Amino acid sequence: RQSPLPAVLALITGYPIKFIITLLATLVIAVFLMASGDLFYEKLVRVLPTMTDKKTALRIVYDIETEVSNYVLTQAAINAGLGIAVALAFHALGMPAPYLWGLLTFLLNFIPYVGALTGVALSGFMAIVTFDSLGFALLVPLAFTALSLIESEIVNPLVLSRRLQMNAVAILLSLAFWAWLWGIAGAAMAVPFLVVIKVFCDNMQGLSGVGEFLSARELPNNGGSAAEPT
């Protein structure tokens, strides 16, 4: 009877490989976009008929650039904080090279779900090899799991909602939906997709209600909108 081990290894390694391929393809597209300079903006201005449409389109594009950049920088900062927390926890538990584990955690956390599972598996394996007591060795993956859960379920949604001025519930729903639809790639793109949708809704009068739902704060009431009759 054929051993199921190759199939299990293929399942474990398949998701990170797919994510890396998607990431590389995204980076290639980004390089070409940056190399094109302002060509995209010039074409956008030329094809739109009215000055109002041109201004609206440029405002949407600039807002998307700003918000997505804020998301990437914020996510990197959150990952760095998780890496530092893991390094300190592993140092307290006596794991060898704890700061390398912190760096590995920082990199793995860019891969949704699988990154955390990989960190738990690797840290648990190394702890069992390093320590004589199995009970003490299990503290290492438990610590990694606890810190990862705090980051993913509490810190990440709250920080992103404040930094991007977005509804934390909408962020969690977006992560769940895109992860269900496209797996890891969908989870990685869930928040950028939500950012793009919110920017469009904020700049389109007919979609202002959706933009208000996605916003983290209530819109100020100035005694009536410009559309209301005077």
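Details
- Scanning segment 158-173 for residues being touching a residue at least 40 places away in the same chain (Cβ under 8 Å) and open to solvent by less than 50 Å² (accessible area, probe 1.4 Å) gives a total of 7.
- Scanning segment 98-131 for residues that are at pLDDT 90 or above, open to solvent by less than 20 Å² (accessible area, probe 1.4 Å) and either among the polar types (S, T, N, Q) or in contact with a Pro (Cβ under 9 Å, 6 or more places away or on another chain) (or both) gives 105, 119, 123, 124, 127.
- Test result for residue 88, open to solvent by 90 Å² or more (accessible area, probe 1.4 Å), more than 18 Å from the chain's Cα centre (by Cα) and not β-branched (Val, Ile, Thr): yes
- For segment 127-157, the set of residues classified as more than 16 Å from residue 112 (Cα to Cα), in contact with a helix residue (DSSP H, G or I) (Cβ under 6 Å, 6 or more places away or on another chain) and without any contact (Cβ under 8 Å) to a residue 24 or more places away in the chain consists of 128, 137, 141, listed by residue number.
- Among residues of segment 184-195 that are over 13 Å from residue 110 (Cα atoms), those with a beta-carbon under 8 Å from a residue that is outside any helix (DSSP H, G or I) at least six positions away or on a different chain give the pairs 194/166; 195/164; 195/166.
- Residue within segment 186-208 that is touching a Gly at 6+ places or on another chain (Cβ under 9 Å), under 22 Å from residue 113 (Cβ atoms) and crowded, with 19+ Cβ neighbours inside 10 Å present: no
The values are calculated or read from the model by the stated rules, or taken from the named source; none is laboratory data. Bear in mind the structure is a predicted one, so any value in this text is a computation, not a measurement. Heads up, the Cβs are rebuilt from the backbone with ideal geometry, glycines too, and the neighbour counts pull from every protein chain shown. Note: accessible area is taken over every heavy atom of the protein model, side chains too, but ligands, DNA and RNA are not part of it. Shrake-Rupley method; radii C 1.70, N 1.55, O 1.52, S 1.80 Å.
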